[in-house]
Each structure stands twice: as C-alpha cells, then as structure tokens.
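Notes to accompany the following structure.
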Amino acid sequence: MTKKEMIDALNLEDFSPIYHEADRIRKEVKGDDVFVRSIIEFSNYCKRECKYCGLNCHNQHVKRYRMPLDEIVETAAQAIAAGYRTIVLQSGEDPYFNNDNAKRLGEVVSAIRALPTNFDPEPDGSQPILDITMSTGELPYEALAHLRECGATRYLLRHETSDPDLYAFLHPCGTLAERIQCLRNIKKLGYATGSGFMVGLPGQSLESIANDVILLETLECDMAGIGPFISSPDTPLQGYPNGSTELTKRAVALCRIHRPELNLPVTTALGVLNPEERKDAFSCGANVIMKKVTPTKYKEAYQIYPSKIEETRIIEDRQALDALIRSLGRRPI
Ligand code: 5AD
C-alpha cells in the first residue's frame with residue numbers, strides 16, 4: 001500500500017474489508033498460533049521526562065521500586081513453570097540497572113538465562129530456547145552489546161511517533177534521530193527488533209500514522225507494539241482525550257497488510273480502554289499477547305497509564321489466557 005492508500009483506508013467509513021484482508025494475511029503467513037509472552041516490570045525508576053508517561057521522572061506521586069535480583073529471577077522461574085517461553089524484562093530507564101554499560105542489567109539477564117527450562121520440542125524435533133526480551137529503554141551500543149552477550153534475544157523500543165516535531169514536543173530529553181539510531185543498533189546486534197507507536201497522541205495526523213507504519217518497514221522491524229494513547233494523571237498530558245481504539249485496530253491491520261511477517265501484539269492499552277476490543281484485535285491481524293507476571297505488590301506503582309490493578313496469579317492467569325485464545329479458534333504458544 002502507498003502512503004496515500006493507507007491514509008484513505010484509515011479514513012474509511014467501513015473498514016471491515018480491510019480487517020478481513022489483514023486477518024486472511026495473518027492466517028496465511030503466521031497461522032493460528034498466538035504467542036503468549038510474560039512481562040516482569042522490575043523497576044519503575046526512570047530518568048526521562050516523556051510527557052505522556054505516568055513514570056516520567058517529574059511525577060512525585062509514584063512510589064518508586066526496584067525488584068531485588070533474586071525476586072526477578074524467581075518470578076521468571078515461575079513464568080517458565082507456567083508455560084511461558086518468553087520473559088519480557090521491562091523497566092524505566094533506571095541508572096541503577098544501567099550502570100557501567102548495563103552491568104547490573106546483564107546480571108539479571110545472565111541469571112535468567114541460567115534457569116532450567118523443559119519446553120516441549122518443536123514439531124521438527126528441535127528444542128525451543130527461552131527468549132529474553134529487553135524493554136529497558138535507550139541504551140548505548142556497548143550496553144546493548146553486553147546484554148546480547150549475556151543472553152538477551154529480543155528488544156522492544158517503540159519509536160513512539162514518526163513525526164519529528166511531535167516527538168520533540170513529547171520528549172524533552174531525546175530526539176527521534178537518537179531513537180532511530182538506537183533501533184538500528186539493536187537490529188545490527190542481532191536482536192529480534194520491536195518498535196511501535198501510540199495512536200491518538202495530541203496533534204497526531206493520519207498521515208503521521210501512515211508514516212509510522214512505513215517506518216517499521218524502513219527499520220526492518222520484526223515486531224511492533226501499537227496502542228492507543230491514554231491520558232495519565234499527574235503528567236503534562238493529563239486531561240487530553242484518549243486515542244481511539246478503532247483507529248488503533250486499523251493501524252494494526254495496516255501493519256499486517258504492509259509487513260505480513262511482523263509479530264503484532266494485542267497491546268494492553270487497547271484492553272484497558274475496552275476489554276472486548278482486545279479479543280477483537282485478534283481478528284485484525286494481531287498474533288501476540290503479553291501478560292504481566294509482576295508480583296501484585298508492585299503493580300500499583302507501575303502505572304504508565306491508569307488501569308485496573310489485578311492480582312497476579314501466574315499459573316491461573318496463563319491458563320485463563322490459553323482458554324481465551326482457544327475459544328477464539330487459535331492456538332496458544
Ligand atoms: N498511553 C499509552 N501508551 C503509553 N506508553 C507510555 N505512556 C503511555 C500512555 N500514557 C507506552 C509507550 C511506551 C510503552 C512502554 O508504553 O509507547 O513505549
């Protein structure tokens with residue numbers, strides 16, 4: 001699709017033929033498997049000032065925490081025992097873990113890499129390996145290289161918006177060019193690379209959303225997280241209207257059509273605004289879902305945007321998610 005065709009599509013009154021096409025391509029290219037990933041939100045310290053984010057460093061209302069190493073590793077072990085093959089390690093940009101080219105973060109990765117796994121073999125007989133996915137913000141090349149050596153296999157770093165002016169407005173301490181350079185470094189180091197963006201940011205145009213889809217291609221991304229902007233209290237964007245869930249699903253569908261091989265999660269933010277929409281997104285091209293395994297006691301303090309706090313029960317939550325996925329005619333992995 002050209003940029004013009006994408007903008008026209010986003011504007012359509014009836015988008016259903018495009019949803020069908022996205023779903024058809026998803027089935028043809030990715031099959032019926034849904035990848036279920038676990039997320040551990042291990043630190044909410046952040047040195048950045050992103051205007052939309054509840055964890056930005058100016059927010060004095062956040063109770064900051066860091067999980068101790070052994071608790072992070074124990075949580076990962078429980079997630080593996082519950083059937084997860086991917087551990088996503090997510091945090092703010094925390095100088096404690098990012099010390100000396102991410103030495104402490106590397107210790108976390110190495111310790112998780114050393115955990116025993118007992119996954120069922122793939123249909124071809126090969127043994128699956130545990131994927132360790134970093135979602136720990138912009139890091140220098142050497143730090144990214146170190147984490148790769150420690151055993152991290154994937155990296156998530158959304159570009160947030162492809163519009164350089166909007167990016168500059170939202171991020172007092174970083175540029176789009178720096179963000180893109182970091183994504184290129186991630187790709188170069190052999191990580192499966194995930195970018196993504198928010199939909200419905202103040203001042204964002206449909207053209208800019210089309211550019212977001214195109215940027216995923218330019219960066220040769222393997223994954224893309226796309227979620228609606230949700231206005232967060234105690235941030236400079238408090239009171240701004242939330243992004244549209246419909247427009248978000250349309251953007252997901254366009255990504256599936258534009259780049260059929262992408263792994264596309266149904267993002268948490270979509271389900272926060274409308275739980276039904278989360279199920280729906282599986283028929284718009286998405287093939288991944290993430291589930292928090294963060295211990296309950298930390299969850300209240302990890303509010304990027306406001307959402308209902310649910311108690312973490314790692315095994316039961318995973319079983320419920322598997323049942324949901326099967327009820328949609330798909331196969332949880
Ligand atoms: N609304 C929606 N998404 C948000 N993120 C951060 N703050 C918000 C918000 N208020 C997203 C960003 C970030 C990811 C971890 O969460 O895209 O990369």
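The values are calculated or read from the model by the stated rules, or taken from the named source; none is laboratory data. What you are looking at is a predicted structure, and each value in this text was computed from that prediction instead of being measured. Note that each Cβ is placed from the backbone with ideal geometry, even for glycine, and that neighbours are counted across all protein chains shown. These accessible areas exclude ligands, DNA and RNA; they are computed on the full protein's heavy atoms, side chains included. Shrake-Rupley method; radii C 1.70, N 1.55, O 1.52, S 1.80 Å.
Expressed as cubic angstrom per residue, what is the convex hull volume of the alpha carbon set of the range 1-140? The partial results should precede the final answer.
Working: hull volume 28.0 nm³, N = 140.
So the per-residue Cα hull volume is 200 Å³.
So for Phe169, Phe282, what's the accessible-area order with a 1.4 Å probe, most first?
Details: Phe169 85, Phe282 5 Å².
Highest to lowest solvent-accessible surface, that is Phe169, Phe282.
Please report the antiparallel percentage of the DSSP beta bridges confined to the chain, to the nearest 5.
About 5 percent, rounded to the nearest 5.
Ranked highest first by average number of other Cβ atoms within 10 Å, how do 244-254, 213-223 line up?
Going by the mean number of other Cβ atoms within 10 Å, highest first, we get 244-254, 213-223.
Measuring with a 1.4 Å probe in the full set of protein chains, what accessible area per residue, in whole Å², belongs to the range 178-333?
Ligands and nucleic acids excluded, the result is 40 Å² per residue.
Less than 25 Å apart at the alpha-carbon level, and either on another chain or at least 8 residues along: which lysines does that give for Lys3?
Once the sequence-local lysines are set aside, what remains near Lys3 is Lys27, Lys30, Lys187, Lys249.
On the principal axes of its Cα set, how long, how wide and how thick is the range 64-175? Give whole Å, largest value first.
That gives 49, 32, 25 Å along the principal axes, largest extent first.
Determine the shape class of the range 237-333: with a ≥ b ≥ c the square roots of the Cα gyration tensor eigenvalues, call it rounded for a/c under 1.5, and otherwise prolate if a/b is greater than b/c, oblate otherwise.
In terms of gyration-tensor shape, oblate.
Roll a 1.4 angstrom probe over the protein heavy atoms and tell me the percent of accessible area of the range 274-333 that is carbon or sulfur.
C and S fraction of accessible area: 50 percent.
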